[in-house]
Amino acid sequence: MTNISKNYIIEIKQILAQARQKAFTAINFAMTDAYWQIGKRIVEEEQHGRERAAYGEEILITLSKELTKEFGSGFGTRNLWDFRKFYLTFQDEEILHTLCAKLSWSHIRLIMRIDNKDAQKYYLKEASENHWSVRTLDRNISTLYYHRLLSSQIKEPVIQEMQEKTKDFYDDKLEFIKSPNVLEFIGLPTNKSYTEKELEQAIIDQMHNFLLELGKGFAFVARQQLIRTETQDFYIDLVFYNYILKCFVIIELKTHKMTHQDVGQLDMYVRMYDDLRKNKDDNPTIGILLCTETDSTIARYSVLSENQQLFATKYMPFLPTIEELQDELEREKIAFKLLREKNKL
């Protein structure tokens, strides 16, 4: 390849990189500006002479239904409350168009939850001017970076430590493509997984079919379903509804040895599903944690302690046993290994 052709390719790559960055900047500004404007209108509507505290909640519920009907997901009452808080936190339009415009909605949501106003201003300024990734910002807030700087007479070691600890949290210039907030804003589905490994995909595909073939009341609901907390987004691998038991069944797959963190995460998903998705007539949600290693397979049911008796007496006759789940995982692991070896021939 000649030097001219190398330069030619480099220039084309630069054009594409710049175009993608411009697309990110345009979408990001349009989204944050729209959310700020929505928050402003919500506050103005609340201030139109109404004295009842319930009026604000009534506005959000009505608005959420109308926006969701026309624009899809991303406009639940919790998100609308965040838009309202966004406007109340940063009412200065100059800040909106300078500092906030350089940050993603995920950055802004993290900063809004800081109570100390001075710390809030510091993180807003530093994150926008130094191009902190969301993970860097989250790490610095959770480790009280601002307060440790204030209390340190010699600040350089604190700064160096932060830079060292966050050097792997590089700012992915295409991160917006995978952001559920951006996908919701531009009307694309948010339940697509962009990072599944081949083994995880194969097992999830097979587990999906396995549960439906059991014939014990399972109805498929979703895969990679987005569940949102105050500060984070999570994706549940598989969600079913059992119309015999009248409960949701959520499944999480891990391709490593089971840890306490995995169990705690599943319990959190169970609680969140009960809070956000369960209807009044539904029974408590059941979680299934599947962990598959090279040499062993583990399956575990996760049900909150207050529901143990209900699980033992009512749920077990209609759910696959742990042995059945383990056998199915082992069969799929063997099939996957044989297929990979065949493809190498």
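Roughly to the nearest percent, how much of the accessible area of segment 1-135 is carbon and sulfur, given a 1.4 Å probe? Carbon and sulfur: 54 percent of the exposed surface of segment 1-135. Evaluated over segment 26-135, the count of Lys pairs having alpha-carbon atoms less than 21 Å apart is 14 (only pairs 8 or more residues apart or interchain).
Taken one residue at a time, the phi angles of segment 20-29 give Karplus couplings (6.51, -1.76, 1.60, θ = phi - 60°) of 5, 5, 5, 4, 4, 4, 5, 5, 4, 5 Hz. Gly and Pro are set to x.
Taking N as the residue count of segment 89-130, its C-alpha radius of gyration divided by 2.2 N^0.38 Å amounts to 1.01.
Segment 69-134 and segment 240-265 have Cα centres lying 33 Å from one another.
The simple Förster model, with R0 at 56 Å and r as the Cβ-Cβ distance, assigns residue 267 and residue 5 a FRET efficiency of 0.45.
Tell me whether segment 53-95 comes out rounded, prolate or oblate; compute the Cα gyration tensor, take square roots of the eigenvalues as a ≥ b ≥ c, and use a/c under 1.5 as the rounded threshold.
Working: a/c = 2.94, a/b = 1.49, b/c = 1.98.
Oblate shape, in that a/c is at least 1.5 and b/c is the bigger or equal ratio.
When only Cα pairs under 8 Å and 6 or more residues apart are kept, what is the percent relative contact order across segment 87-168? Working shown, then result.
Working: 42 pairs, mean separation 18.8, N = 82.
About 23 percent, as a whole number.
Residue by residue, segment 145-155 carries 3J(HN,Hα) couplings of 4, 4, 5, 5, 5, 4, 8, 9, 6, 10, 8 Hz when phi is fed to the Karplus relation 6.51 cos²θ - 1.76 cosθ + 1.60 (θ = phi - 60°); x denotes Gly or Pro.
The values are calculated or read from the model by the stated rules, or taken from the named source; none is laboratory data. Here the structure is a predicted model, which means the values were calculated and not measured. When we count neighbours, we look across all protein chains shown, and the Cβ atoms used for this are built from the backbone with ideal geometry, even at glycine. To get the accessible areas, we keep the full protein, side chains included, count just its heavy atoms, and leave off ligands, DNA and RNA. Shrake-Rupley method; radii C 1.70, N 1.55, O 1.52, S 1.80 Å.
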